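*Asks:* Right, I'll just put the structure down here and ask away after.
The values are calculated or read from the model by the stated rules, or taken from the named source; none is laboratory data. As the structure is a computational prediction, the values presented were derived from the model and not from experiment. Backbone-built Cβ (ideal geometry, glycine too); neighbour counts: all protein chains shown.
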Amino acid sequence: MTETPLTVDFVSGAVDYRRRKGGGRGQALPRALGFRPGITPDIVDATAGLGRDAFLLATLGAKVTMLERNDLVHDLLQEAMVRASDTSNTHAAIIARMTLIKGDAKDILPELKPETVLIDPMHPPRGKSALVKNEMRQLRDLVGSDTDCAELMRVALATTLKRVVLKWPRRAKEIEGLIKPSHQIIGKSTRYDVFMMIQATADQS
Ligand SMILES: C[S@@+](CC[C@H](N)C(=O)[O-])C[C@H]1O[C@@H](n2cnc3c(N)ncnc32)[C@H](O)[C@@H]1O
């Protein structure tokens, strides 16, 4: 059977379902990033990928700057943003809150000096690889394993003003050499490690 090519789609399927039926600000990701009643952070998504997290955050009202270093993934995102904008006023309003930049976040974050950063690198391969979703496997085939994610975390922790959130598989090995997170939000398969900058500085002293 031929495999469907990797696509980015903000108007149908799982992404659309999550927009319409998802748990809003109560979901683990927005909570980890500091969404509160009346507070909507501006976010830099340093590892944009297929844009699903960024789109969800923009749906919840956040301005999201997406960084993606892979040329093909960047272009898929850009095309999907144009298609979504043309679909409806609702989608156009969400996409208007999303900005896409091509390049390596390790170089761009120091220029942006962001307040809140999300980092979701390609995760280490799981033992039960058949369970890895098809599109994630296709993305991994394209971009590789993000073996520099420890360095990306170090740059993010050094340049972000308020909060860095690392999205990581719940049971995966820790990234070596990182300071301890201020707190964690643990879901069924995913864990969010939250690094608050004031505490991160205090921990290092
Ligand atoms: C696991 S995917 C992110 C999935 C994304 N959170 C989503 O909701 O679709 C990781 C992506 O981050 C990109 N990436 C990894 N390290 C990066 C870096 N230092 N700068 C820019 N992009 C990076 C990879 O090319 C890949 O497309």
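*Asks:* Of all residues in the stretch 90-105, which are more than 23 Å from VAL155 (Cα to Cα), out of contact with any Gly (no Cβ under 8 Å at 6 or more places or on another chain) and either surrounded by 14 or more Cβ atoms within 10 Å (Cβ to Cβ) or touching a residue at least 40 places away in the same chain (Cβ under 8 Å) (or both)? Don't jump to the end; show me each part of the working.
*Replies:* We begin by selecting, within the stretch 90-105, every residue more than 23 Å from VAL155 (Cα to Cα); these are 90-97.
Narrowing the set further to residues that are out of contact with any Gly (no Cβ under 8 Å at 6 or more places or on another chain) leaves 90-96.
Within the stretch 90-105, HIS91, ILE94, ILE95 meet the criteria.
*Asks:* Continuing with the same structure: Which numbered condition in (1) buried (at least 22 other Cβ atoms within 10 Å of the Cβ); (2) under 20 Å from ASN134 (Cβ atoms) is the only one that LEU67 fails?
*Replies:* All conditions are met except number (2).
*Asks:* Sticking with this one: Confirm whether LEU109 is buried (at least 19 other Cβ atoms within 10 Å of the Cβ) and within 12 Å of the ligand (Cβ to nearest atom). Even if it seems obvious, please write down each step before you answer.
*Replies:* Values: buried (at least 19 other Cβ atoms within 10 Å of the Cβ): yes; within 12 Å of the ligand (Cβ to nearest atom): yes.
Taking the combined requirement at face value, the residue satisfies it.
*Asks:* I'm checking my understanding of the structure. Among residues of the stretch 135-179 that are of a type in the set (A, V, I, L, M) and touching a residue at least 60 places away in the same chain (Cβ under 8 Å), which one is nearest to THR40 (Cα to Cα)?
*Replies:* Here the residue is VAL165.
*Asks:* Taking ALA84, is it small (Gly, Ala, Ser), buried (at least 18 other Cβ atoms within 10 Å of the Cβ) and within 11 Å of the ligand (Cβ to nearest atom)?
*Replies:* no
*Asks:* Moving on. Just checking, does the stretch 197-205 include any residue being under 25 Å from ARG31 (Cβ atoms) and at pLDDT 85 or above?
*Replies:* yes
*Asks:* Going by the conditions given, is ILE101 touching a helix residue (DSSP H, G or I) at 6+ places or on another chain (Cβ under 7 Å), more than 11 Å from the ligand (Cβ to nearest atom) and within 20 Å of ILE43 (Cα to Cα)?
*Replies:* Against the criterion (touching a helix residue (DSSP H, G or I) at 6+ places or on another chain (Cβ under 7 Å), more than 11 Å from the ligand (Cβ to nearest atom) and within 20 Å of ILE43 (Cα to Cα)), ILE101 does not qualify.
*Asks:* Out of (1) over 16 Å from GLN138 (Cβ atoms); (2) modelled with pLDDT under 95; (3) among the charged types (D, E, K, R), the odd one out for GLU3 is which?
*Replies:* Only one criterion in (1) over 16 Å from GLN138 (Cβ atoms); (2) modelled with pLDDT under 95; (3) among the charged types (D, E, K, R) is unmet by GLU3, namely (1).
*Asks:* So, in the stretch 36-55, exactly how many residues are within 12 Å of the ligand (Cβ to nearest atom) and either of a type in the set (Asp, Glu) or crowded, with 21+ Cβ neighbours inside 10 Å (or both)? Walk me through how you get there before you give the answer.
*Replies:* So in the stretch 36-55, the residues within 12 Å of the ligand (Cβ to nearest atom) come out as 43-55.
Those left that are additionally either of a type in the set (Asp, Glu) or crowded, with 21+ Cβ neighbours inside 10 Å (or both): 43-51, 53-55.
Total satisfying the criteria: 12.
*Asks:* What are the residues in the stretch 177-194 that are at negative phi, not hydroxyl-bearing (Ser, Thr, Tyr) and not in a strand (DSSP E or B), if any?
*Replies:* Selection gives LEU178, ILE179, LYS180, PRO181, GLY187, LYS188.
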